[in-house]
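The structure appears below as structure tokens.
The numbers here are math on the coordinates, done by the rules we state, and not lab data. The structure displayed is predicted, hence computed values, not measured ones. Positions of Cβ are generated from backbone atoms using ideal geometry, with glycine treated the same way; all protein chains shown enter the neighbour counts.
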Amino acid sequence: MEIILKKDVEHVGYVNEIVKVRPGYARNYLIPNGLAVMATESARKVHAENMRQQSHKAERILTEAKDLAARLTESNVKVGAKVGSDSEKIFGSINTIMLADALVKAGYSVERRQLKIKEDNIRTIGTYRASALLHKEVSVEFDFEVVAE
């Protein structure tokens, strides 16, 4: 069954893509949750017109994502965490929410759902790697540092 995605769906596709999925997945999950619509002839015509109108905007968004990726690779983002008095261990662990907050404070507009941290649990001070999916064509890996507050 072919559908037109209204939102990004992980492991399926991105917004405004026409993709093939199993009929049950489309009818029972994607369409009822507002993530997609069936790709009928009329829906395809509307989709084509919308894509034609949005092509200029999409180029601008892609350019901004590439610029942000270039700035992010050169950045030195520091995430503050509370540390025990006698060691380098931090209380709790660093997650994407904390990293997104640090990026926003540093002047980068990145949402937490776009971020993935390479390490499973970050519980000590140090330098770590993360990746950000800024656009469907732009993904960047960058370093961030966990420091004591």
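Given a cut-off of 23 Å, name the pairs among Lys20/Lys116; Lys57/Lys78; Lys20/Lys45; Lys78/Lys118; Lys6/Lys105; Lys7/Lys78 whose C-alpha atoms lie farther apart than that in the structure shown. Write out the running numbers ahead of the final one.
Details: Lys20/Lys116 27 Å; Lys57/Lys78 33 Å; Lys20/Lys45 18 Å; Lys78/Lys118 16 Å; Lys6/Lys105 31 Å; Lys7/Lys78 32 Å.
The pairs that break the limit, which is 23 Å between Cα atoms, are Lys20/Lys116; Lys57/Lys78; Lys6/Lys105; Lys7/Lys78.
Between the beta carbons of His11 and Val37, assuming R0 = 25 Å, the FRET efficiency works out to 0.85 to the nearest 0.05.
Per 0.36 nm of contour for each residue apart, how much would the distance between Asn76 and Asp101 grow if the chain were fully extended, relative to their Cα-Cα spacing? Intermediate results must be reported in sequence, preceding the final value.
Details: separation 25, 0.36 × 25 = 9.00 nm, distance 1.42 nm.
Stretched fully, the Asn76-Asp101 segment lengthens by 7.6 nm.
Starting from the Cα of Arg44, step 7 Å along the direction of its Cβ; do the same at His56; then give the gap between the two resulting points in nm. Each label point is offset 7 Å from its Cα along the Cβ direction, giving 2.8 nm. Less than 5 angstrom separates the built amide H of Glu17 from those of Leu5, all sequence-distant by 5 or more or on a different chain.
Principal-axis analysis of the Cα atoms of the chain puts helix 96-105 at an angle of about 80° to the longest axis. Between Lys66 and Arg27, the FRET efficiency from the beta-carbon distance, with R0 = 35 Å, is close to 0.40. Compared with the direct C-alpha span, the chain from Asp143 to Phe91 gains 16.6 nm at full extension, assuming 0.36 nm per residue.
For Rg/Rh (Cα atoms, Kirkwood Rh), the candidate list reads [x] 1.11; [y] 0.93; [z] 0.97; the entry that matches the value derived from this model is [x].
Applying both filters, DSSP loop and at most 13 other Cβ atoms within 10 Å, to the GluC sites (Glu not before Pro) of the stretch 40-95 gives Glu74, Glu88.
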